Amino acid sequence: MSKQIILGDKEYFSGIGKIAFEGKESDNPFAFKYYDENRVVAGKTLKEHFRFAIAYWHTFCGTGGDPFGPGTKDFPWSTAGDAYQRAKDKMDAGFEFISKIGAPFYCFHDFDLIEEGDTLAESAKRLDFITDYAKEKQAAAGTKLLWGTANLFSNPRYMNGAATNPNFEVVAYAGAQVKNALDATIKLGGENYVFWGGREGYMSLLNTNVKSELDHLAQFLHMAKDYARSQGFKGNFFIEPKPMEPTKHQYDFDAATVLGFLREYDLLADFKLNLEVNHATLAQHTMQHEMQIAANAGALGSMDANRGDYQNGWDTDQFPTNLNELTEMMLVFLEVGGLQGGGINFDAKTRRNSTDLADIFHAHIGGMDAFARALITADAILTQSDYSRLKAERYASFGTADGKAFEGGKLKLTDLAKIGAGMDNIPLQSGKQELFENIINQYI
Ligand code: XLS
Ligand code: NI
Ligand code: NI
């Protein structure tokens, strides 16, 4: 990462310089307290572990509109000139921020970079223009593209879905859009490509043929994958599960559902998961559960970092700050050997009433520090505490002759029954949940 700040024609976040690591004693709100990118934990620097990415949409496009009122944030880069000029200004602001915060990666939807045109041809021309500029900016800042994706959910044409739309014409249009987004991702050296379901799902079964829609989705993903591979793309494809919102029944409900889909349609060799904390909680799971399920299949690809609201359960996309939750996530992260090709993308937004440009810095500094502190804590738990031993002890009986034979598939049910028959007085073994919880708190 170059230590340089990358500016365009003007400085948008003036008065804020490169964010440095100053340690937890520092009172400087514009400094990292825990995220020292060069600190080595469990054999890797924090920078290498996390591969932090800035989400273009929330950070540089989202002005805070909600169903009850318009945006509140007056972004100085989104006003002047035509679509091309506005996109260029936004990118100047974007790379100024990315270089000041010191994130090694960023992520985008096609039309975060530049507004969609009235025709496919105009949109393609715009994307071509802005990706030329992005190429220069990436090189100057030393920033890489973690993943690209296509917005297949905002335009009204996608109100009934994109790849799962009942109208083939819309499916074809989505195909054209994905082809262009893949081309843009490949052009910018993107390391991965994401499919978040958007409106792939349904509101009512009365008007929906679920079987056809799922078949079409799989067909579409195969075509996208085959095309990208033919263009030399070597990265991963990620599916981002989410159980609901915008549709009532999103097809990519959670990690287990998506893994079943990928297996059923023979896509697991190329596709892994991009898990998002707030999507996990919407699915009534913890993020650590989702991470473990994905990792079991070798498919823990990437993470969208944020948090939900613990009271109302909405997809609030708040910045991560909860150390207990993050520490438990980082335990899984370290235990399974990290992410497969992805990184940690802040798919999070400052609150609607956080209207200062400086708030974008506070949010990301807080998120990066919280992850750093959680990873350092999780590593200490794994290397210094009884945590791993206690967990392994619960399964110790599978290390004995019979238990091993069972795990190895060497027993029939009749064998199991014979062994079980002698066991009328099995002593209860405590699960010790409170002790495990205390260990987490002790090390935080
Ligand atoms: C929406 C998703 C979206 C994806 C990218 O809930 O999180 O932002 O990450 O399309
Ligand atoms: Ni989300
Ligand atoms: Ni996301």
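The values are calculated or read from the model by the stated rules, or taken from the named source; none is laboratory data. Because the structure is a prediction, the values reported are computed rather than measured. Counting neighbours? That spans all protein chains shown, and the Cβs are built from the backbone with ideal geometry, glycine included. Side chains are part of the model used for accessible areas, which takes the heavy atoms of the whole protein and leaves out ligands, DNA and RNA. Shrake-Rupley method; radii C 1.70, N 1.55, O 1.52, S 1.80 Å.
Is it true that Phe238 is within 16 Å of ligand 3 (Cβ to nearest atom), open to solvent by 30 Å² or more (accessible area, probe 1.4 Å) and either within 18 Å of the chain's Cα centre (by Cα) or among the hydroxyl-bearing types (Ser, Thr, Tyr) (or both)? It is false that Phe238 is within 16 Å of ligand 3 (Cβ to nearest atom), open to solvent by 30 Å² or more (accessible area, probe 1.4 Å) and either within 18 Å of the chain's Cα centre (by Cα) or among the hydroxyl-bearing types (Ser, Thr, Tyr) (or both). Within segment 61-117, the set of residues being hydroxyl-bearing (Ser, Thr, Tyr), within 25 Å of the chain's Cα centre (by Cα) and not in a loop (DSSP other than H, G, I, E, B) comprises Ser99, Tyr106.
Among the residues of segment 254-269, those identified as farther than 27 Å from Asp317 by Cβ and either assigned to a helix (DSSP H, G or I) or under 13 Å from the mean Cα position of the chain (by Cα) (or both) are Arg263, Glu264. Of the candidates Phe261, Phe253, the single residue that is within 16 Å of ligand 3 (Cβ to nearest atom) and either open to solvent by less than 10 Å² (accessible area, probe 1.4 Å) or aromatic (Phe, Trp, Tyr) (or both) is Phe253.
Those residues that are closer than 17 Å to Ala392 by Cα and either open to solvent by 70 Å² or more (accessible area, probe 1.4 Å) or outside any loop (DSSP other than H, G, I, E, B) (or both), I need them from segment 429-439; list them, please.
Gln429, Ser430, Lys432, Gln433, Glu434, Leu435, Phe436, Glu437, Ile439
Return the residues of segment 205-237 that are out of contact with any strand residue (DSSP E or B) (no Cβ under 9 Å at 6 or more places or on another chain), touching a residue at least 12 places away in the same chain (Cβ under 8 Å) and outside any helix (DSSP H, G or I); say none if nothing qualifies. If the condition is that a residue be out of contact with any strand residue (DSSP E or B) (no Cβ under 9 Å at 6 or more places or on another chain), touching a residue at least 12 places away in the same chain (Cβ under 8 Å) and outside any helix (DSSP H, G or I), then Asn209, Gln231, Gly232 are the ones that fit. Among the candidates Phe52, Phe95, the residue that is out of contact with any strand residue (DSSP E or B) (no Cβ under 7 Å at 6 or more places or on another chain), touching a residue at least 40 places away in the same chain (Cβ under 8 Å) and surrounded by 15 or more Cβ atoms within 10 Å (Cβ to Cβ) is uniquely Phe95. Asp386 fulfils the conditions (1) without any contact (Cβ under 8 Å) to a residue 12 or more places away in the chain; (2) within 22 Å of Glu335 (Cβ to Cβ); (3) open to solvent by 70 Å² or more (accessible area, probe 1.4 Å); (4) touching a helix residue (DSSP H, G or I) at 6+ places or on another chain (Cβ under 9 Å) except for a single criterion, (1).
Just one of the listed residues (Asp317, Asp252, Asp270) is under 19 Å from Asp369 (Cα atoms) and in contact (Cβ under 8 Å) with a residue 24 or more places away in the chain, and it is Asp317.
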